[in-house]
Amino acid sequence: MPEITITQAFLAFLAALFGETLGVFGGGGFLIQPALLAIGVPPHLVVSHDASSTAGASATSYYVFNKHKKVKNGLLIWWLPGVIIGPFLGIALLSVLSPAILEKIIIIVSLMGAVLILFNKKDWGGTQSAMPRQWKLLSLVSGLAFGFWAGFSGMGAGTISLMILVFLFGQTIKEAIATKTLIHLITESITAIVFLLKGWLVWQLFLPMFVGCLLAGYLKAHIILHLPEKLLKTLFLISVFITAGIALVRN
C-alpha cells in the first residue's frame, strides 16, 4: 500500500467535499476520481475509495430527504437483489484489470459523461408519468446493472440511477434524487466492506474522504431542495472539465 501524505489526505477531503456537493445530479466521481489521480493516488485505490467513502454522502442526504418526506421507497425492494449481487460482479472484473487500463477508463468516462450532460437539453422530471408495465422485472435488471457498475467503477453511478428512475420509472427529479440515496447507501456499504476485506482501503485516505462526503451529503440535499437545477448543473460541468483536464495533463 502506498504512503498517503497529510497533503494528499487534505486534498482528498476537499475533492470528496466539493465533488459530492457539486455532483448534485450524481456524477461526483467525475470530479473525485480525476482529482485523486491528479494527486498521485493509484487507480485501483481511486475507485475503491471513491466507491466506499461516498456512503457518507448517501447517508446524510437520505437523512435530509427522508426528514422532508421526499423519499419514495416503493421500488427499492425490487432493486435489492441486483443492488446486492451486482457490486461483487463489478469488483471481480475490477480485480483483473491493470492500473494503466483502469486509469484510461476513468479519464475517458469522465469526459464522456460531461459531454453527454452538457448536450442533454431534456428538462428532467417535469411531471410524473405512469409506471412501466413490467416495472418489477425492469427493477431487477436495473438494480443488477447499477450494482455492477457501482462495484466496477462507481463513476457516474449517481447519474445512471437518476436517469433510470426518471426516464424508466416516471419519478420527478427530486423524487429520483431522494430515492436513489438509499439505493446508493446499500451498494456503497457493500462495496466498502468488500474493498476493506480485499485490503484496498487506506485509512489515512478513506477517513478524510468519508468525513468530506458526510458534510457534502448534508449540504447537497439542502442545495437540491432550495436552489435552481440549471445553475447547479452548470457548476457541476465546470468542475468536471477542470479536474478531468488536470488528470489528462498529468498523464
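The values are calculated or read from the model by the stated rules, or taken from the named source; none is laboratory data. Quick caveat, the model's predicted, so the values are computed rather than measured. With ideal geometry, Cβ positions are generated from the backbone for all residues, glycine too; neighbour counts draw on all protein chains shown.
Tabulated data
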{"quantity": "Close pairs (9 angstrom Cβ cut-off, 6 or more residues apart or separate chains): touching a residue at least 40 places away in the same chain (Cβ under 8 Å) in region 47-60, among the aromatic types (Phe, Trp, Tyr) and not in a helix (DSSP H, G or I) anywhere", "calculated": "Val47/Trp200; Ser48/Trp200; His49/Trp200; Ser52/Trp200"}
{"quantity": "Residue match in region 27-38 (condition: under 26 Å from Val166 (Cα atoms), small (Gly, Ala, Ser), modelled with pLDDT of 85 or more and surrounded by fewer than 22 Cβ atoms within 10 Å (Cβ to Cβ))", "calculated": "no"}
{"quantity": "Verdict on Thr191 being under 29 Å from Ile4 (Cα atoms) and at pLDDT 80 or above", "calculated": "yes"}
{"quantity": "Test for Ser161: is it at pLDDT below 75 and surrounded by 13 or more Cβ atoms within 10 Å (Cβ to Cβ)", "calculated": "no"}
{"quantity": "Number of positions in region 73-89 that are within 15 Å of Leu165 (Cα to Cα) and either surrounded by fewer than 16 Cβ atoms within 10 Å (Cβ to Cβ) or polar (S, T, N, Q) (or both)", "calculated": "3"}
{"quantity": "Evaluation of Met155 against (1) of a type in the set (A, V, I, L, M, F, W, C); (2) buried (at least 21 other Cβ atoms within 10 Å of the Cβ); (3) modelled with pLDDT of 75 or more (one fails), failing number", "calculated": "(3)"}
